[in-house]
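Structure first, commentary second.
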Amino acid sequence: MKPFLREKIPVALSEIPETPAYEAGYLVTKNAGWRNIRPVINKEMCVGCLQCYLYCPDGVIFKKDGKVAIDYDFCKGCGICKRICKLGAIEMEAEK
Amino acid sequence: MSVTAKTLCEDEFFYGHKACAGCGGSLAVRVALKVLGERAVAVLPAGCMSAVGFNFPQLCFGNNAIISTFAGTASMLTGIEAGLRAQGITDFQAVGFAGDGGTADIGLQALSGAIDRNDDILYICYDNEAYMNTGIQKSSLTPFGAKTTTTPVGKNIRGNLRPKKNMFEIVAAHGIPYAATASIGYLNDFLRKVEKASKIKGTKYIHIIAPCPTGWGTATDMTVEIAKEVVDCGLWYLAEYENGVYTLNYEPKQFTDPAEYLKKQGRFKHLTEEDIQTITASRDAKWEQIYKTFQIN
């Protein structure tokens, strides 16, 4: 199962479990704010070799229509995907 | 044929974590879990991956995962494996992800015990060469010359005085069913090793080099390249140990210059020519031993 964003953020004491166990994959915050630069995929140059998808430490690059797309909610902008892309299909652009 | 980027499980099991941008350790954990799948039960001792994966209520593992004591990764794996087996559950893989400190220093006794009992577990050490989570202190897997907060650089001492512990061969010396080294720069090799290990019964150990941009003083986008270069310059090697035989999986045709690898990193900036020669000489001695005792693939 892929962890996903939930609406409910447990805050009150009654919402916090008594046992030290909780639902797997429970996300309440994004990582997008960490980023100064963002990777942008050039769809025409991408051949879907999936190397960026394989080497992304955060797993934010996913397969889409035989090519790849990026989940910008969780991308931290490290730039590994740009370095790994042999075709130069990924560019880093400044966040505005 | 072993699993590749194209055939890898599309689900993510380590997502939304708070690791630094460009973290090598999180890449190793993410990829290993994609190979092992949903039925993996992960154990994480104190260290980066437990610190970034479990920030209640932000829980970043999509499979069952638990934090263990720092010293007890292998013991908890043993317990989980025995407990699930006692309940009649068979289609799972108990997997531990410990850092270099949690493996070679603090967790070594528990790991040695588990190998001795030959419990059916997979232990993966992501080696970022210091205690990065607590602020870059030296561990026994920190290489010679590296600057950490406990091996500083000054007039008299230039970084770490001791060489890196040979953890792979220490584990292999137990007569373990399967042990391997890997690097996040060569992920296809790592994928194959994790898949192979998951099919072997008994204790399995994989030691993967995972650069840390924060602790190594490198740019965040250099993580994978640095991990490739450490193998290409001969300071790390990709090997396996199985049925009492060591096998070298990848033989660089010609080593690249270690000085180039070292100078790219903030932690080695201070090294003198003499230090680099010491490192090169110890590399050559290691490879002489590899050529003598390893089978070349």
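Mind checking whether some residue in segment B:198-216 is over 21 Å from A:Ile84 (Cα atoms), touching a strand residue (DSSP E or B) at 6+ places or on another chain (Cβ under 9 Å) and within 14 Å of another protein chain (Cβ to nearest Cβ)? No: segment B:198-216 contains no residue that is over 21 Å from A:Ile84 (Cα atoms), touching a strand residue (DSSP E or B) at 6+ places or on another chain (Cβ under 9 Å) and within 14 Å of another protein chain (Cβ to nearest Cβ). Within segment B:51-60, is even one residue surrounded by 24 or more Cβ atoms within 10 Å (Cβ to Cβ), more than 9 Å from chain A (Cβ to nearest Cβ) and either within 16 Å of B:Gly96 (Cβ to Cβ) or of a type in the set (D, E, K, R) (or both)? So far as segment B:51-60 goes, yes, one or more of its residues are surrounded by 24 or more Cβ atoms within 10 Å (Cβ to Cβ), more than 9 Å from chain A (Cβ to nearest Cβ) and either within 16 Å of B:Gly96 (Cβ to Cβ) or of a type in the set (D, E, K, R) (or both). Candidates A:Ala32, A:Ala24: the one that is of a type in the set (A, V, I, L, M), more than 8 Å from chain B (Cβ to nearest Cβ) and closer than 19 Å to B:Ser26 by Cα is A:Ala32. Any chance you could count how many residues in segment B:139-176 are in a loop (DSSP other than H, G, I, E, B), surrounded by 15 or more Cβ atoms within 10 Å (Cβ to Cβ), more than 18 Å from the chain's Cα centre (by Cα) and not polar (S, T, N, Q)? Residues meeting the conditions: 4. Is it true that B:Cys20 is touching a residue at least 40 places away in the same chain (Cβ under 8 Å), within 14 Å of chain A (Cβ to nearest Cβ), touching a His at 6+ places or on another chain (Cβ under 8 Å) and crowded, with 21+ Cβ neighbours inside 10 Å? So B:Cys20 does not fit the description; no. Taking B:Gln289, is it more than 20 Å from the chain's Cα centre (by Cα), of a type outside the set (Val, Ile, Thr), loosely packed, with under 14 Cβ neighbours inside 10 Å and not in a helix (DSSP H, G or I)? Against the criterion (more than 20 Å from the chain's Cα centre (by Cα), of a type outside the set (Val, Ile, Thr), loosely packed, with under 14 Cβ neighbours inside 10 Å and not in a helix (DSSP H, G or I)), B:Gln289 does not qualify. Quick check: is even one residue across segment B:117-133 more than 14 Å from chain A (Cβ to nearest Cβ), in a helix (DSSP H, G or I) and either of a type in the set (Asp, Glu) or more than 21 Å from B:Arg283 (Cβ to Cβ) (or both)? Within segment B:117-133, one or more residues are more than 14 Å from chain A (Cβ to nearest Cβ), in a helix (DSSP H, G or I) and either of a type in the set (Asp, Glu) or more than 21 Å from B:Arg283 (Cβ to Cβ) (or both).
Exactly one residue out of A:Ile41, A:Ile80, A:Ile37 is in contact (Cβ under 8 Å) with a residue 24 or more places away in the chain, within 30 Å of B:Tyr186 (Cβ to Cβ), facing chain B (nearest Cβ under 7 Å) and among the β-branched types (Val, Ile, Thr): that is A:Ile80. Picking from residues in segment B:177-222 that are part of a helix (DSSP H, G or I) and among the aliphatic types (A, V, I, L, M), the one that is farthest from the chain's Cα centre (by Cα) is B:Met222. A:Gly33 meets the conditions (1) more than 12 Å from B:Gly16 (Cα to Cα); (2) buried (at least 16 other Cβ atoms within 10 Å of the Cβ) in every case but one. The failed one is (2).
Taking the listed residues B:Ile136, B:Ile121, the one that is touching a residue at least 40 places away in the same chain (Cβ under 8 Å) and under 16 Å from B:Cys23 (Cβ atoms) is B:Ile136, with no other qualifying. Every residue in segment B:221-250 that is aliphatic (A, V, I, L, M) and within 14 Å of chain A (Cβ to nearest Cβ), please. Across segment B:221-250, the qualifying residues are B:Met222, B:Val224, B:Ile226, B:Ala227.
Any residue at all in segment A:48-60 that's surrounded by fewer than 18 Cβ atoms within 10 Å (Cβ to Cβ), more than 7 Å from every other protein chain (Cβ to nearest Cβ) and within 23 Å of B:Asp189 (Cβ to Cβ)? Yes, segment A:48-60 has at least one match.
Every listed requirement among (1) at pLDDT below 95; (2) buried (at least 22 other Cβ atoms within 10 Å of the Cβ) is met by B:Met132 save one, (1). When A:Ala69 is tested against the conditions (1) surrounded by fewer than 16 Cβ atoms within 10 Å (Cβ to Cβ); (2) within 11 Å of chain B (Cβ to nearest Cβ), the lone failure is (2).
The values are calculated or read from the model by the stated rules, or taken from the named source; none is laboratory data. None of the values given here were measured: they were computed from a predicted structure. No Cβ is skipped: glycine too gets one built from the backbone with ideal geometry, and neighbour counts run over all protein chains shown.
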